[in-house]
Structures are given as structure tokens and as C-alpha cells.
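Only one structure is covered here, and it is reproduced in the block below.
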Amino acid sequence: NKENSSSRGALIVLEGLDRCGKTSQSSRLYKYLDEQGYSVESWRFPDRNTGVGQMISSYLANQSHLDDHAIHLLFSANRWEKRMLMEDKLRSGTTLIVDRYSYSGVAFSSAKGLDIEWCKAPEIGLLAPDLVVYLDISPEKAAERGGYGGERYEQLEFQKKVAKSYLTLHDSSWKVIDATLPVEDIEEKLREIVLDSITICQKGKLLSQLR
Ligand code: FDM
């Protein structure tokens with residue numbers, strides 16, 4: 001926590017389909033950790049505030065058209081342009097809660113039919129999360145929640161493909177939480193695994209990179 005400047009923060013990533021509840025869980029988690037006195041920031045990708053982010057945003061809003069490979073590389077570039085800041089924050093002891101990361105990049109682009117290894121390549125060398133939490137919901141249930149905002153990828157048929165791609169990405173750093181549980185239950189489970197991860201990082205777990 002704040003007083004212990006020698007230990008680093010944790011890189012926590014939340015992933016899942018659109019409407020899985022990621023965004024509201026990440027803000028609840030942020031609020032909780034902040035209130036507990038942790039140094040913490042809430043991030044999201046795409047970060048639409050940068051120049052690259054604005055190109056992504058206009059693509060998602062169907063205001064521009066880009067080759068599938070080109071937009072994939074822009075999403076990746078959007079993470080690369082934040083990499084240095086991310087490392088500085090973590091090393092100075094700030095925990096980052098990140099709403100979507102490289103896994104979204106690979107899951108969404110490979111769902112369009114791009115080669116998965118090609119999709120992973122530009123992510124190599126970005127910081128590896130200490131914890132990835134997948135909020136698990138079926139595409140059908142997510143669609144029932146309504147509120148798909150009309151952006152490019154917010155369609156049931158496409159989300160089904162994304163769900164399949166995500167499944168191929170799960171590894172030992174992933175924790176899966178049933179996203180159909182009551183919000184408070186999800187919040188509690190999330191707090192528990194995140195606090196564990198923060199503790200492990202405080203005890204000296206090294207930062208690593210995606211390979
Ligand atoms: N998305 C997000 C990608 O296709 N690739 C990426 O690398 C990232 C980070 O962008 F449909 C997709 C996922 C989603 C869309 O995300 C916008 P938000 O979370 O709705 O802003």
C-alpha cells in the first residue's frame with residue numbers, strides 16, 4: 001500500500017464479452033481499493049484519448065473503415081503508447097485495474113478470421129498481467145441484457161465468435177468468475193483474488209512481459 005514504496009503495484013486485467021459487467025465491476029473495485037488506502041488507478045483499452053485512440057474510436061463508431069490488420073495494429077499501438085507509463089506506475093507502487101487488454105485484441109481480431117499467431121505477435125513485450133479475470137457470460141445472456149450501444153462489434157453473431165476465441169486464450173494466470181451471479185457476489189470474489197494478487201506483488205513478484 002501507499003507507505004510501502006519499495007513494493008510494486010499489480011497489473012490486474014478484466015476481460016469478457018460486451019455487457020458482461022466488466023466496466024461496472026472495475027469501477028467498484030477501484031473505489032474499494034482506493035478507500036482501503038491502496039495506490040490504485042483505473043485504466044481501459046482502447047484508451048480513446050490519444051491520437052491512435054481517436055482513430056480506433058471512429059472505426060468502432062463506423063465513421064471510418066480500416067483493413068482488419070490495420071485496426072488490429074492500431075489497438076496494439078494504443079497499448080504500446082501507454083507501456084512506459086504503465087511500467088512507471090507499477091514500479092512506483094500503483095496497482096492498475098485495466099478494463100480490456102491484449103486478450104481483447106487477440107480475441108476480437110481472430111474472431112474476424114485473422115491468424116491467431118499473427119494477432120499475438122505485436123503484443124509480445126507488453127507487460128504481462130499479474131492477474132486476468134474473465135467475467136464469464138454466454139453471448140446470448142449478454143445480448144439479453146440489452147444496451148448494445150450500436151458500435152461495430154456489438155452484435156450477437158460476432159460476440160459468439162469472440163467467446164470462442166477467448167476460450168483458446170485462457171491460461172494459468174486467468175481466473176473465471178460467473179458474470180451472471182448477483183453483482184455483490186461478483187464484487188466479493190473479485191476483491192478476494194485481487195487482494196491476493198496485490199499481496200504477491202508487494203512481496204516482490206517480478207514484472208514480466210508477454211511472450
Ligand atoms: N477491442 C478492444 C478490440 O477489438 N481490440 C482491442 O485490442 C481492444 C482493447 O473494442 F468491442 C474491442 C472490444 C470492444 C471495442 O471496447 C471497444 P469498449 O470496452 O467497449 O470500449
Query - Of all residues making up the stretch 177-203, the number that are surrounded by 14 or more Cβ atoms within 10 Å (Cβ to Cβ) and outside any helix (DSSP H, G or I) - result: 4
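Name the residue that is nearest to the ligand (Cβ to nearest atom), counting only residues in the stretch 138-154 that are assigned to a loop (DSSP other than H, G, I, E, B) and of a type in the set (K, R).
Narrowing the stretch 138-154 to residues assigned to a loop (DSSP other than H, G, I, E, B): 138, 145-154.
From the residues that got through so far, the ones that are of a type in the set (K, R) too are 145, 152.
Numbers: R145: 14, R152: 7 Å.
Going through the qualifying residues, I end up with R152.
State whether the residues of the stretch 139-154 include one that is out of contact with any His (no Cβ under 6 Å at 6 or more places or on another chain) and under 18 Å from R79 (Cβ atoms). Let's see the steps before the verdict.
Restricting attention to the stretch 139-154, the residues satisfying the condition of being out of contact with any His (no Cβ under 6 Å at 6 or more places or on another chain) are 139-154.
Now restrict to residues that are under 18 Å from R79 (Cβ atoms): 153.
Taking every residue of the stretch 139-154 in turn, at least one turns out to be out of contact with any His (no Cβ under 6 Å at 6 or more places or on another chain) and under 18 Å from R79 (Cβ atoms).
Quick one: is G93 surrounded by fewer than 23 Cβ atoms within 10 Å (Cβ to Cβ) and farther than 23 Å from S208 by Cβ? It would help to see each step written out before you state the result.
On the way: surrounded by fewer than 23 Cβ atoms within 10 Å (Cβ to Cβ): yes; farther than 23 Å from S208 by Cβ: no.
Answer is no for this residue.
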Query raised in the report: What about D88, is it within 20 Å of K161 (Cα to Cα) and more than 11 Å from the ligand (Cβ to nearest atom)?
Result: no
**Report entry** Considering residues of the stretch 1-55 that are more than 19 Å from the chain's Cα centre (by Cα) and closer than 30 Å to L66 by Cβ only, the residue surrounded by the fewest Cβ atoms within 10 Å (Cβ to Cβ)
**Finding:** G51
Report summary line: Pairs returned, first residue in the stretch 7-30 that is on the phi > 0 side of the Ramachandran plot, second residue that is part of a loop (DSSP other than H, G, I, E, B) and among the aliphatic types (A, V, I, L, M), beta-carbon separation under 7 angstrom, 6 or more apart or interchain, are G16/I137; G16/A179; G21/A179
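Considering Y134, Y101, which residue is touching a residue at least 12 places away in the same chain (Cβ under 8 Å) and within 13 Å of the ligand (Cβ to nearest atom)? If you could, list the steps in order and put the result at the bottom.
Values: Y134 fails: within 13 Å of the ligand (Cβ to nearest atom).
Unique residue meeting the criteria: Y101.
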**Report entry** Unmet criterion (only one of (1) within 12 Å of the ligand (Cβ to nearest atom); (2) without any contact (Cβ under 8 Å) to a residue 12 or more places away in the chain; (3) exposed (fewer than 13 other Cβ atoms within 10 Å of the Cβ)) for L66
**Finding:** (3)
Query raised in the report: Do we find that Y166 is touching a helix residue (DSSP H, G or I) at 6+ places or on another chain (Cβ under 7 Å) and either more than 25 Å from L114 (Cβ to Cβ) or part of a helix (DSSP H, G or I) (or both) in this structure?
Result: yes
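Looking at E157, is it free of Cβ contacts under 8 Å to residues at least 60 places away in the same chain and either over 23 Å from I56 (Cα atoms) or surrounded by 15 or more Cβ atoms within 10 Å (Cβ to Cβ) (or both)? Step through it out loud before you land on a result.
Values: free of Cβ contacts under 8 Å to residues at least 60 places away in the same chain: yes; either over 23 Å from I56 (Cα atoms) or surrounded by 15 or more Cβ atoms within 10 Å (Cβ to Cβ) (or both): no.
For E157, the condition - free of Cβ contacts under 8 Å to residues at least 60 places away in the same chain and either over 23 Å from I56 (Cα atoms) or surrounded by 15 or more Cβ atoms within 10 Å (Cβ to Cβ) (or both) - is not met.
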Query - Selection count, the stretch 153-211, where residues are under 21 Å from G21 (Cβ atoms) and touching a Ser or Thr at 6+ places or on another chain (Cβ under 6 Å) - result: 1
Report summary line: Checked the stretch 119-131 for anything away from the ligand (no atom under 14 Å from the Cβ) and within 19 Å of A77 (Cβ to Cβ); matches are I124, G125, L127, A128
Report summary line: K141 vs (1) over 12 Å from the mean Cα position of the chain (by Cα); (2) under 30 Å from T199 (Cβ atoms): all pass except (2)
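Taken together, the values in this text are just the output of simple stated rules run on the coordinates, not laboratory data. Just so it is clear, the structure is predicted and the values come from calculations on it, not from any experiment. Note that we place each Cβ from the backbone using ideal geometry, even for glycine, and neighbour counts take in every protein chain shown.
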